[in-house]
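Below is one structure; the comments refer to it alone.
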Amino acid sequence: MSELDFIYKRKSIRDFKDAPVPKEDILKMLEAATYAPSPKHQQNWHFVVVQDQEKIKQMADVVAKSHTAIANMMETEEEQKKYMKFLPYYVTFQRGTVAVVVYSKPYDMIEEKVLMANNVSEDVLEVLRSPQSAAQGIGAAVENFY
């Protein structure tokens, strides 16, 4: 196996076995996720492991309702149909025996006090406060979750 096979052979899985995932495997994947880089080493990610099939189904229902509500805001029926064809991908997790919810705490911009004390404009502060850094941290962690 070449050094980069883990990248070149990566694929999305949309078919799931109807078997429980061993706790040891889940813990190994969570540990790998926490080794990801994070903005300013804030490690702002949080993981919730859900194994209750009813909860997973409820999560999928919420996602489906939200997706459908957005589709209903589309201007044309053609746009709605185009948007709705992606719904199965958004809820595919419901066919697994485990779902891992990943979320972040607010990203702390440590420079904010200094910048405010030096009268930096609110526009600049808003850009710096954007949730991009939090999302980048989650993205890196999820990529390591393998």
Any hit, region 66-78, residues being small (Gly, Ala, Ser), in a loop (DSSP other than H, G, I, E, B) and more than 23 Å from Gly137 (Cα to Cα): no
Test: Val120 is more than 16 Å from the chain's Cα centre (by Cα), of a type outside the set (Asp, Glu) and closer than 27 Å to Gln136 by Cβ: yes
Filter pass, Val91 being without any contact (Cβ under 8 Å) to a residue 40 or more places away in the chain and under 23 Å from Lys57 (Cα atoms): yes
Odd one out for Ala32 among (1) assigned to a loop (DSSP other than H, G, I, E, B); (2) among the hydrophobic types (A, V, I, L, M, F, W, C); (3) within 21 Å of Tyr146 (Cβ to Cβ): (1)
Some residue of region 108-125 being in contact with a His (Cβ under 9 Å, 6 or more places away or on another chain), of a type in the set (Ser, Thr, Tyr) and modelled with pLDDT under 95: no
Search result, residues across region 91-116 that are of a type outside the set (Gly, Ala, Ser), within 17 Å of the chain's Cα centre (by Cα) and surrounded by 14 or more Cβ atoms within 10 Å (Cβ to Cβ): Val91, Thr92, Phe93, Gln94, Val98, Val100, Val102, Tyr107
Inter-residue pairs, beta-carbon under 6 Å, first among the aromatic types (Phe, Trp, Tyr) and in region 4-29, second assigned to a helix (DSSP H, G or I), 6+ apart: Phe16/Arg95
Spans of helices (runs of 4 or more DSSP H) in region 84-146 with at least 2 residues of a type in the set (A, V, I, L, M, F, W, C): 112-117, 122-129, 132-144
Of all residues in region 35-65 being touching a helix residue (DSSP H, G or I) at 6+ places or on another chain (Cβ under 7 Å), in a helix (DSSP H, G or I) and not aliphatic (A, V, I, L, M), the one that is farthest from Val100 (Cα to Cα): Pro39
Residue list for region 56-90, restricted to those being surrounded by 11 or more Cβ atoms within 10 Å (Cβ to Cβ), over 24 Å from Pro20 (Cα atoms) and either of a type in the set (D, E, K, R) or modelled with pLDDT under 95 (or both): Glu79, Lys81, Lys82
Residue count for region 106-129, restricted to those that are under 30 Å from Tyr146 (Cα atoms) and either touching a strand residue (DSSP E or B) at 6+ places or on another chain (Cβ under 7 Å) or not charged (D, E, K, R) (or both): 3
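The values are calculated or read from the model by the stated rules, or taken from the named source; none is laboratory data. Since the model is a prediction, treat every value here as computed from it, not as a measurement. Cβ: placed from backbone, ideal geometry, glycine included. Neighbour counts: every protein chain shown.
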